[in-house]
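Right, one structure below, let's go through it.
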Amino acid sequence: METVFSRPSARAVVLENGRAAMVHSLKYGYYKFPGGGIEPGEDLISALVRETREETGLEVDINTVRAYGMVHRIQRGDHEDVFIQDNFYFFCSVHPGGHAQKLDRYEEEERFTLEFVPPELAISINEKNIAAIPDPVLAERENGVLRMLMKEGYFHARN
């Protein structure tokens with residue numbers, strides 16, 4: 001009998017001066033957008049605010065949040081257990097919130113740190129280190145989002 005677990009995820013797209021706010025895994029050398037899965041009782045925006053605060057120490061300005069869309073569905077597992085994650089991306093602005101990073105065990109092990117990086121750098125680092133990443137789908141998904149944003153001109157005229 002197959003068990004299906006579903007947990008939507010909210011990701012913050014923060015663009016500033018031609019760079020994106022990315023969380024860098026110092027352990028595996030990849031970049032991802034701040035964010036993560038919703039917890040019981042949360043909606044996507046609440047998860048976006050909480051996860052961004054936890055991973056970066058920055059506060060999301062709720063008045064600036066607008067949907068970019070569901071970009072990628074991940075399905076992992078075998079014939080008995082399947083995990084599905086829909087990843088929703090939201091444009092938003094952030095500001096210092098007086099909070100330090102509050103990483104969970106997984107994030108601490110990866111040694112996440114916030115960096116504002118040019119999209120080309122994040123893409124090249126993710127591609128270079130793809131073999132070392134335990135979940136390469138994550139880096140591939142983030143590269144896809146970065147490429148879409150570049151193609152749509154978000155790193156030039158719109159920020």
How many residues are over 18 Å from residue 108 (Cβ atoms) and surrounded by 22 or more Cβ atoms within 10 Å (Cβ to Cβ) if we restrict to the range 23-46?
1
Residues of the range 92-145 being modelled with pLDDT of 90 or more and in a loop (DSSP other than H, G, I, E, B), which ones?
118, 129
Can you find a residue in the range 78-87 that is modelled with pLDDT of 80 or more and of a type outside the set (Val, Ile, Thr)?
yes
Quick check: anything in the range 105-127 out of contact with any helix residue (DSSP H, G or I) (no Cβ under 6 Å at 6 or more places or on another chain), of a type in the set (S, T, N, Q) and closer than 16 Å to residue 23 by Cα?
yes
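Looking at 116, 112 in this structure, which one is over 13 Å from residue 32 (Cβ atoms) and touching a strand residue (DSSP E or B) at 6+ places or on another chain (Cβ under 7 Å)? Break it down stepwise before answering.
Details: 112 fails: over 13 Å from residue 32 (Cβ atoms).
After ruling out the rest, the residue left standing is 116.
The values are calculated or read from the model by the stated rules, or taken from the named source; none is laboratory data. No experiment lies behind these values; they were computed from the predicted model shown. Using ideal geometry, Cβ is built from the backbone for each residue, glycine included, and neighbour counts are taken over all protein chains shown.
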